[in-house]
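Worksheet for the structure shown next.
The values are calculated or read from the model by the stated rules, or taken from the named source; none is laboratory data. Quick caveat, the model's predicted, so the values are computed rather than measured. Cβ sites come from the backbone with ideal geometry, for glycine too, and all protein chains shown count toward neighbours. Each accessible area value is taken on the protein alone, full model and side chains, heavy atoms only, with ligands, DNA and RNA left out. Shrake-Rupley method; radii C 1.70, N 1.55, O 1.52, S 1.80 Å.
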Number of protein chains: 2
Amino acid sequence: MAESLTADLNDDALDARRVTAILDAVDAGDTGLLTALLEPLHAADIADVLEQISPSERRDLVALWSGEIDGEILSELDDAIRDEVIAALSPTELSEAMRELDTDDVVDILEDMDVPQQGIILDALDDADRFAVQQALGYPEGSAGRLMQREVVIAPEHWTVGEAIDHLRNSDRLPDQFYHVILVDPRMKPLGYATLGRILSSKRETKLRDILEDGFRTVKATEEEEDVAYFFNQYHMISCPVVDADDRLVGVITIDDAMNVLDEEHHEDVLLLAGVGEESSIADGIRETVRQRFPWLFVNLIAANLSALVIGQFHGTISAIVALAALMPIVASMGGNAGTQSLTVAVRALATRDLTTSNAMRVVRREAAVGVINGLGFASVMAIVGWLGYGSAMLGVVIGMAMIVNLFVAALAGTLVPLTLNRMGLDPALSSGTFVTTMTDLMGFFVSLGLATLVLV
Amino acid sequence: MAESLTADLNDDALDARRVTAILDAVDAGDTGLLTALLEPLHAADIADVLEQISPSERRDLVALWSGEIDGEILSELDDAIRDEVIAALSPTELSEAMRELDTDDVVDILEDMDVPQQGIILDALDDADRFAVQQALGYPEGSAGRLMQREVVIAPEHWTVGEAIDHLRNSDRLPDQFYHVILVDPRMKPLGYATLGRILSSKRETKLRDILEDGFRTVKATEEEEDVAYFFNQYHMISCPVVDADDRLVGVITIDDAMNVLDEEHHEDVLLLAGVGEESSIADGIRETVRQRFPWLFVNLIAANLSALVIGQFHGTISAIVALAALMPIVASMGGNAGTQSLTVAVRALATRDLTTSNAMRVVRREAAVGVINGLGFASVMAIVGWLGYGSAMLGVVIGMAMIVNLFVAALAGTLVPLTLNRMGLDPALSSGTFVTTMTDLMGFFVSLGLATLVLV
């Protein structure tokens with residue numbers, strides 16, 4: 001029966017119809033049908049289902065299906081949802097799930113937990129794995145040491161292709177994924193690596209040292225993971241040996257982990273730029289979302305009240321020329337938009353390391369020039385709008401001149417704020433947006449009203 | 001002499017000191033020193049140097065060093081800079097550079113060129129490569145067919161590990177990068193693949209079909225590259241066979257290409273959200289930058305003038321209560337910020353496919369609830385500000401109520417605009433920002449002034 005109900009769904013694809021069918025099965029309490037619907041899916045897709053449904057649906061699904069939730073599904077889940085699911089598993093289910101994972105995945109799950117919960121999982125691991133996980137947790141959070149897998153495939157420098165192949169055939173525990181054989185000296189210092197492709201296509205008597213790849217690079221275990229991700233992306237690496245302070249091989253990072261980090265870094269940057277907590281997820285509840293967004297908006301409320309104070313100083317001018325109340329927000333809005341443009345380009349270029357001390361001054365000059373040129377164009381438009389729409393060309397000219405000044409300020413702020421944050425070792429995306437729009441709002445109102453007071457009143 | 005000058009630089013790292021040294025060598029016209037400084041660098045770093053220096057410095061560097069600029073450097077360059085560098089190469093230098101590249105990299109360079117320039121490069125290729133490149137160009141831009149390399153490593157389904165190894169040892173032209181041997185039937189339909197690691201660690205007599213990977217997936221050559229990148233990221237794939245409409249193997253995509261696409265997609269999304277042309281680069285000149293940003297700002301200028309029209313309708317109210325001119329921008333600003341928060345979360349979740357038809361309504365409800373709750377909090381603050389700062393609690397209450405309405409509108413607009421764009425098959429990041437802030441500006445001014453007219457005047 002389960003087969004007939006699932007027969008018209010796509011083989012193994014996750015789409016809205018399958019999610020509906022899954023929820024129906026949960027409603028009906030039909031574990032057999034639920035398994036028939038979930039089993040063909042990749043663990044990443046099952047995790048997506050758990051993330052997309054509502055908290056109560058999730059509770060019901062996990063209650064019905066907790067025995068089938070394996071380590072791979074757990075490691076694909078968002079942190080917040082994962083805590084929820086783990087809390088619903090029995091200690092036996094949880095330790096079974098964790099035992100089948102590679103150590104780097106166990107570390108990834110463990111590092112977000114509090115100590116007592118970590119203890120339960122560590123106790124469930126066998127001795128060798130527990131030791132490996134504890135060693136990894138000894139490296140700083142967000143470091144290469146946390147990201148690497150400890151299982152490495154190595155060979156002494158004098159080996160031939162044939163010796164390496166024989167060794168691999170006799171190894172009883174190889175990593176799930178490996179792409180190179182790393183040559184090490186007797187002290188475990190990595191000397192280079194050969195791709196499996198080169199090994200497979202070379203004769204048995206070929207020396208490994210004769211088929212090493214050019215441009216061999218290693219990273220330190222204490223290196224930040226975002227720097228590691230940058231290396232992978234910049235140098236098109238597929239795996240990278242990790243060494244300790246004494247240059248001894250301690251693990252290897254593979255490209256799928258690096259791709260993951262790159263993806264998370266992007267995610268954080270985009271959310272930070274918009275003033276949203278970097279940990280936020282589409283699966284968060286209302287309370288969690290309010291908690292994340294309120295502080296940033298509150299900062300903006302203070303900033304906006306500062307602008308209101310500035311405007312309040314020009315009470316007399318606005319009373320005299322009420323049209324200013326309509327026109328001055330245009331200056332602020334244009335500044336905010338132009339500032340956001342400069343800011344976004346600068347933050348991205350810093351992330352990809354295309355913006356460095358070598359070209360920072362040239363970029364600042366370019367942004368300033370672009371601000372003034374765009375400002376001149378928009379000022380002309382506003383002069384005409386003032387003349388035709390508000391019966392005063394001079395009013396338009398004042399607004400236009402304020403706009404030139406504000407676009408210049410926007411260009412400088414949009415570029416210098418992230419450059420400064422970066423120089424200070426902070427994330428350049430961190431609240432730059434609020435900072436830049438506060439400056440352009442303040443300048444926009446101050447300059448339009450100030451100029452109007454000087455020229456028109 | 002070159003050695004002593006370069007000795008105190010880091011081995012092969014690109015930093016500001018090396019860039020300065022490179023520019024000094026260019027100034028001095030010292031080709032030997034220039035080569036000593038550039039040669040140890042990875043092609044990607046040399047491309048970064050070319051992107052970071054000014055146009056005139058770039059011209060001088062290329063003039064001195066054009067013979068050494070190889071295909072790899074060209075394929076790492078930004079489009080705009082690449083055109084510049086290619087224009088400075090002689091036809092012989094250009095064709096030599098192109099001949100050493102894999103066909104997918106040649107396609108990547110060619111697709112941005114106009115037809116006569118494409119012709120020059122195609123003529124420089126040997127017949128087999130030209131044919132492969134022309135076939136790839138037959139697939140739509142941004143499709144898997146453009147992204148794939150045509151060099152594949154295949155085996156008939158009945159082969160053993162030993163037969164596969166012997167075949168690889170006798171192949172004279174293998175791809176630079178390959179991670180699987182793909183099993184095909186006599187019609188070239190792919191049946192599965194074995195990782196090189198499994199092949200290397202299995203006995204010679206093992207059948208390939210017994211060591212195939214679980215969860216084998218292929219993509220169609222016409223599939224969009226961003227969907228391909230999603231597959232790689234979601235399913236942790238390392239390479240993926242590409243098939244034509246008849247399910248025959250035509251090529252393979254590797255993870256480094258997918259990572260590149262993912263990176264570019266992120267880049268485009270961030271820039272589009274900020275209203276910056278998606279092609280823009282930190283290396284663009286002033287003219288190009290003005291050309292990219294002016295149109296988006298012009299749209300915003302029109303939107304801002306619409307807001308001014310709305311404000312203008314309340315001339316009488318503002319004359320009566322000038323403090324409104326100071327307070328109403330707060331409502332607009334808060335709406336803009338809250339809308340950007342909702343928008344960014346929605347655009348990101350659409351990109352990662354965490355926001356689907358299954359949970360869209362729940363997310364819209366959540367955003368609306370968060371908007372109202374935050375609005376209530378900020379409204380209380382504004383009531384106090386109105387009372388203490390402007391001598392009128394009622395003025396603060398009006399502003400506060402306007403804020404609740406506007407944060408509700410911001411939540412809906414920030415979520416529904418990207419969902420609608422996505423449903424229409426457009427990029428949800430496309431100008432969503434301008435659209436949402438236009439709505440929150442209009443609503444912010446209209447509701448604050450409208451309520452004030454009803455309640456206070």
_Wholly enclosed helices (runs of 4 or more DSSP H) of segment B:30-110 bearing at least 1 residues in contact with a Ser or Thr (Cβ under 7 Å, 6 or more places away or on another chain) and open to solvent by 40 Å² or more (accessible area, probe 1.4 Å)_ = B:55-65, B:79-88, B:91-99, B:103-110
*B:LEU355: within 33 Å of the chain's Cα centre (by Cα), assigned to a loop (DSSP other than H, G, I, E, B) and surrounded by fewer than 19 Cβ atoms within 10 Å (Cβ to Cβ), yes or no?*
no
*Quick one: is A:LEU355 touching a residue at least 40 places away in the same chain (Cβ under 8 Å), more than 21 Å from B:LEU297 (Cα to Cα) and either at the interface with chain B (Cβ under 7 Å from one of its Cβ atoms) or in contact with a strand residue (DSSP E or B) (Cβ under 9 Å, 6 or more places away or on another chain) (or both)?*
yes
*Output the residue which, of all residues in segment B:358-368 that are open to solvent by 30 Å² or more (accessible area, probe 1.4 Å) and in a helix (DSSP H, G or I), is nearest to B:MET328 (Cα to Cα).*
B:ARG365
*asked:* It is to be established whether one or more residues within segment B:138-161 are part of a helix (DSSP H, G or I), at pLDDT 85 or above and surrounded by fewer than 18 Cβ atoms within 10 Å (Cβ to Cβ).
replied: no
_Residue within segment A:313-322 that is at the interface with another protein chain (Cβ under 7 Å from one of its Cβ atoms), more than 23 Å from the chain's Cα centre (by Cα) and touching a residue at least 60 places away in the same chain (Cβ under 8 Å) present_ = yes
*asked:* Test of understanding: among B:ALA304, B:ALA258, B:ALA308, which residue is in contact with a Cys (Cβ under 9 Å, 6 or more places away or on another chain) and among the aliphatic types (A, V, I, L, M)?
replied: B:ALA258
*From the residues in segment B:271-280 that are touching a residue at least 60 places away in the same chain (Cβ under 8 Å) and surrounded by 19 or more Cβ atoms within 10 Å (Cβ to Cβ), which one is nearest to the other protein chains (Cβ to nearest Cβ)?*
B:ALA274
*Conditions: (1) open to solvent by 20 Å² or more (accessible area, probe 1.4 Å); (2) within 7 Å of another protein chain (Cβ to nearest Cβ). B:ILE330 meets all but one. Number of the miss?*
(1)
_Which count do you get for residues in segment A:205-217 that are at pLDDT 95 or above and within 13 Å of another protein chain (Cβ to nearest Cβ)?_
4
*For B:ARG99, indicate whether it is modelled with pLDDT under 85, outside the structural domain of B:LEU174 (by TED's automatic domain parsing) and basic (Lys, Arg).*
yes
*Among the candidates B:ILE199, B:ILE238, B:ILE255, single out the residue that is of a type in the set (A, V, I, L, M), open to solvent by 10 Å² or more (accessible area, probe 1.4 Å) and within 10 Å of chain A (Cβ to nearest Cβ).*
B:ILE238
*Please find, within segment B:370-384, the residue that is most open to solvent (accessible area, probe 1.4 Å) out of those that are at the interface with chain A (Cβ under 7 Å from one of its Cβ atoms) and free of Cβ contacts under 8 Å to residues at least 24 places away in the same chain.*
B:ILE373
*asked:* Whether any residue in segment A:333-341 is touching a Leu at 6+ places or on another chain (Cβ under 9 Å), under 22 Å from B:HIS266 (Cα atoms), in the same structural domain as A:ALA411 (by TED's automatic domain parsing) and open to solvent by 20 Å² or more (accessible area, probe 1.4 Å) is what I want to check.
replied: yes
*Across segment A:162-183, what is the total count of residues that are outside any loop (DSSP other than H, G, I, E, B) and crowded, with 18+ Cβ neighbours inside 10 Å?*
7
*Could you please find all residues in segment B:156-183 being more than 9 Å from chain A (Cβ to nearest Cβ) and touching a Leu at 6+ places or on another chain (Cβ under 6 Å)?*
B:GLU157, B:TRP159, B:LEU183
_Quick check on segment A:111-132: of everything there that is of a type in the set (Val, Ile, Thr) and surrounded by 14 or more Cβ atoms within 10 Å (Cβ to Cβ), which residue is modelled with the highest pLDDT?_
A:ILE121
*Can you confirm whether segment A:290-307 contains a residue that is in contact with a Phe, Trp or Tyr (Cβ under 7 Å, 6 or more places away or on another chain), under 14 Å from B:LEU324 (Cα atoms) and at the interface with chain B (Cβ under 8 Å from one of its Cβ atoms)?*
yes
*asked:* Going by what's in this entry, would B:ARG348 be described as closer than 22 Å to B:THR434 by Cα and either more than 9 Å from chain A (Cβ to nearest Cβ) or open to solvent by less than 30 Å² (accessible area, probe 1.4 Å) (or both)?
replied: yes
*Single residue of A:MET443, A:MET439 found to be under 13 Å from A:ASN337 (Cα atoms) and open to solvent by 40 Å² or more (accessible area, probe 1.4 Å)*: A:MET439
*Working only within segment A:418-433, note down all residues that are open to solvent by 20 Å² or more (accessible area, probe 1.4 Å) and either part of a helix (DSSP H, G or I) or in contact with a Gly (Cβ under 6 Å, 6 or more places away or on another chain) (or both).*
A:LEU419, A:THR420, A:LEU421, A:ASN422, A:ARG423
